[in-house]
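Asker: Here you go, one structure.
The values are calculated or read from the model by the stated rules, or taken from the named source; none is laboratory data. Values in this document were obtained by computation on a predicted structure and should not be read as measured data. Don't worry about glycine lacking a Cβ; one is built from the backbone with ideal geometry, like all the others, and counts go over all protein chains shown. With ligands, DNA and RNA removed, areas are computed over all heavy atoms of the protein, side chains included. Shrake-Rupley method; radii C 1.70, N 1.55, O 1.52, S 1.80 Å.
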Amino acid sequence: MVKTYLKTLVRTFKKHITRLLSIIFIVLVSVGFVSGIGMAVDKINYSLTDYYVTQNVSDFIIKSTSEQGFSEEQIAAMQGYDGTVNFGLSLDTNVTVNGEEQLVRLYFFQGETTVNKRKVLDSVDSDSPLTAGAEEADNFIKGIPLGTEVTLDFAEIFSLPYPVAPITVTITSTERSPLTFGVDKEPSYLNGNVEIPDTIEGVNALEGVDNILYLSYGLLGNMPAGDMYISISNRNLFHAFSTKYNDFIEKEQAKILDLLGEDVHIITLSDNYSFSALHNYASKVSGICWVLMAAFLLVTALVALSTMTRLIDEERAQVACLKTLGYPAWRILLKYLLFAGVALGIGGTGGYFVGLGIARLFYVVFNYSFTMPPMSTHVTLVFFFIVFSVIVAVTLLATAFSGIKLTGETPANLLRPKAPKRGKKVFLERIPFLWNLLPFKYKSTTRNVLRFKSRFLMTVIAVAFSTTLVMAGLALLDLCLFQGLNSPTLTAVSVVVVFFAGLLTASVIYTLTNINISERNRELATLMVLGYFDGEVAGYIYREVYIDTVIGVLLGLPLSLSILKIVFDIMAVGTIATMSWFVWLIAPAVVLLFTAFVTLLLRRKIVKVDMNESLKAIE
């Protein structure tokens, strides 16, 4: 009994290897895409958090609004604060560097800097007792070569009422501050209370500093400290601006104001451009992922459901034999659950590694806009488990439902073939003028398309949602290439969306068309016996595929309006009205191109149908 059962199990896998591979591929595509984008966002947030901890990034920068800086009473009040406090002074001012007047931020630090630890990237020795470090160059920070001498006129910089001789410092190190890792701009203090823009393009509206210098506070003589850099003691509280962290910071801000009085201005980490911009970027990508995940899940679940229910239905005779041999229903059902489970398991495992590759790709792409911190080693599985669990649940439940229904029938009923679906008049037949103009082969195609309504609806819905995914990717790409939004990160996201949406479309068409061919072997064989050429037999299937695809595309275009509105709202940039007109033409073309590719792949299977099938009696 066990040996017989195992043989039937192996035969099921061999007989339906194409369907097994189809499920594996479509699960791999969906899980890989969704979990990849989700993992990228989680990796960024974990890496941001790790960077915050290792560099002891300040939670507060407190700037005194008094010309005399912090009083002794204010400094004493902070001595008992539960956290690390460093003192210094920072301001933005015009400085001449290599003959060019630049807007430069000057940081003066007192003693050993334990908060906002900077990384020295390069350094040189100098005989000068007056030295300074300069921020590394990027897309916006111009950078100052090592050995350059910079003259600072403190009388002008600080508007002193008495003359002070200018000093000249030598740049002896190139450094990287954990507060300024955004390579597109570091907003100037001269903007006032800088509001971090919600839009990715918002940085273009801010005035930014040209260079940043790091100097010793000793250069200022007896000038009182004007800045406090504070890091809270519980570093584990921060996790990419979590609600818990933000609530704590709000309470601490009120506490600090009670200690210091009102003549201070508090800058929190959420006011830091680099941290907030990177977090906002990641949040927008995450929002896009949640929207597209629904479409990927729906299409994948529909195809997996269709594949398994039709597979079980084709195995009616096999189920009858097993029941006659005395196998219980649960054991028969287990065979199909194992088939689905193996396909899902392989597809899901492959999807995880594909997603990991996408996450790493996105992390590299983010380096175009940020000097990214080291990638976190945290394992991030939230998006993977969500999408994979839903696909597994839907597929296994559909398999179980179909199996229970089939195993509930008697062997005698199962051995009888299902009665062919009765032909009905289609709506075009009720319009004689149009119907009579159609050649016979198109009349036959029209009847077949509408005869199997569940197959028709399954294909149309899957293609419609695939079209919306392609539209979403192309709309994002249009923003970057033709609407002036300079974002390499978003460009990469959009390319990945279009690519995986195309793969999903190809997988859907291939799987459903392959099932269609398998179900109609006798019909195709009969056409061959009647003398139809290979091209005519293939066209018999192709016409139905293209009709379903075109209808799906036409349904997907208006459906795209809703998806695009959500995506543009999340991005806070772009509108449907400003999209380039050719996007509406390219998206259908992409879907039809993938469809054409799939039909070519399936041509061999169509023309290799065994003609003897048409001579076998249907008992």
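Asker: What trypsin sites (Lys or Arg not before Pro) does the range 236-328 have in DSSP loop regions with at most 16 other beta carbons within 10 Å?
Answerer: Taking the range 236-328 and a limit of 16 other Cβ atoms within 10 Å, no loop trypsin sites (Lys or Arg not before Pro) are found.
Asker: Amide H of residue 57: which non-local residues (sequence gap of 5 or more, or other chain) have their own amide H closer than 5 Å, using H built in the peptide plane?
Answerer: It is 116, by chain and number.
Asker: Cα-Cα over 26 Å: which of 15/443; 405/453; 3/608; 255/284; 119/251?
Answerer: In this structure, 15/443; 3/608; 255/284; 119/251 lie more than 26 Å apart at Cα.
Asker: Whole-Hz Karplus ³J(HN,Hα) for the range 140-154, in order, using 6.51 cos²θ - 1.76 cosθ + 1.60 and θ = phi - 60°, x for Gly and Pro?
Answerer: These are the phi-based 3J(HN,Hα) values: 10, 5, 6, x, 10, x, 4, x, 5, 9, 10, 9, 10, 9, 5 Hz.
Asker: Now for a separate question. Grab the DSSP H runs of the chain that are 4 residues or longer, score each as -39,500 (n - 2.57), total them, divide by all residues and round the 222 nm result to the nearest 500 deg cm²/dmol.
Answerer: -19500 deg cm²/dmol
Asker: Principal axes first, then extents: for the Cα atoms of the chain, list largest minus smallest coordinate on each axis, whole Å, largest first.
Answerer: Ordered largest first, the chain gives principal extents of 110, 58, 44 Å.
Asker: Find how many whole Å separate the alpha carbon centroid of the range 37-103 from the alpha carbon centroid of the range 532-605.
Answerer: First find each Cα centre; the distance between them is then 51 Å.
Asker: While we're on this one: Using a cut-off of under 17 Å, list every residue of the range 218-232 whose amide N is near the label point 7 Å from the Cα of residue 68 along the Cα-to-beta-carbon line.
Answerer: Answer for this model: 222-227.
Asker: For the range 427-476, give the percent of accessible area contributed by carbon and sulfur heavy atoms, probe 1.4 Å, rounded to a whole number.
Answerer: 71
Asker: Counting alpha carbon pairs within less than 8 Å and at least 6 residues apart, what relative contact order, in whole percent, applies to the chain?
Answerer: Averaging sequence separation for qualifying contacts and normalising by length gives 21 percent for the chain.
Asker: Here's something else I'd like to know. Ordered by residue, what ³J(HN,Hα) values in Hz, to whole numbers, does the range 92-104 give under the Karplus form 6.51 cos²θ - 1.76 cosθ + 1.60, where θ = phi - 60° and Gly and Pro are x?
Answerer: 9, 8, 7, 9, 8, 10, 6, x, 10, 6, 10, 8, 10
Asker: Between residue 353 and residue 569, what is the label-to-label distance in nm when each label sits 7 Å out along the Cα-to-Cβ direction?
Answerer: With each label point 7 Å from Cα toward Cβ, the separation is 4.0 nm.
Asker: Still on this structure, please answer the following. Using only the Cα atoms of the range 449-579, what do you get for the radius of gyration and for Dmax, in Å?
Answerer: 18.9, 61
Asker: Another question about this same structure. Rounded, prolate or oblate: which fits the range 93-190, taking a ≥ b ≥ c as square roots of the Cα gyration tensor eigenvalues, rounded meaning a/c under 1.5, else prolate when a/b beats b/c?
Answerer: On the way: a/c = 1.45, a/b = 1.26, b/c = 1.15.
Because its axes are fairly even, with a/c under 1.5, the range 93-190 counts as rounded.
Asker: Let me ask you something else. For the range 451-470, list residues with backbone N below 11 Å from a point placed 7 Å from the Cα of residue 413 toward its Cβ?
Answerer: None, by backbone N distance to the label point.
Asker: In nm, what is the difference between 0.36 nm times the number of residues separating residue 9 and residue 454 and their Cα-Cα distance? Kindly include the intermediate steps, with their values, before the conclusion.
Answerer: Working: separation 445, 0.36 × 445 = 160.20 nm, distance 2.82 nm.
Taking 0.36 nm per residue and subtracting the Cα distance, the gain is 157.4 nm.
Asker: Of the options 369, 387, 358, report the single residue whose Cα projects farthest towards the positive end of the charge dipole of the range 352-450 (beta-carbon charges: Lys, Arg +1; Asp, Glu -1).
Answerer: 387
Asker: Further, regarding this structure: Which value, in debye to the nearest 20, describes the size of the charge dipole of the chain about its Cα centre when Lys and Arg Cβ atoms bear +1, Asp and Glu Cβ atoms bear -1, and nothing else is charged?
Answerer: That gives the chain a dipole magnitude of about 7180 debye.
Asker: While we're on this one: Cα centroid distance between the range 464-502 and the range 250-308, in Å?
Answerer: Spelled out, the Cα-based centre of one part sits 21 Å from the other.
Asker: Could you go through the range 474-491 in sequence order and give the Karplus-derived ³J(HN,Hα) for each residue, using 6.51 cos²θ - 1.76 cosθ + 1.60 with θ = phi - 60°, rounded to whole Hz, and x for Gly and Pro?
Answerer: Taking θ as phi minus 60°, the curve returns 5, 5, 5, 5, 4, 4, 7, 8, 10, 10, x, 8, 8, 9, x, 4, 5, 4 Hz for the range 474-491.
Asker: With the cut-off at 1.5 for a/c, could you classify the range 271-396 from its C-alpha gyration tensor as rounded, prolate or oblate? Intermediate values should be presented prior to the final figure.
Answerer: Working: a/c = 4.30, a/b = 3.21, b/c = 1.34.
Taking the square roots of the gyration eigenvalues as a ≥ b ≥ c, the range 271-396 is prolate.
Asker: What does the convex hull of the Cα atoms come to per residue for the range 9-152, in Å³?
Answerer: Per residue, the Cα convex hull of the range 9-152 comes to 242 Å³.
Asker: Taking chymotrypsin sites (Phe, Trp or Tyr not before Pro) that fall in a DSSP loop and have at most 13 other Cβ atoms within 10 Å as cut points, what is the longest piece of the chain between them?
Answerer: The reported range is 1-481.
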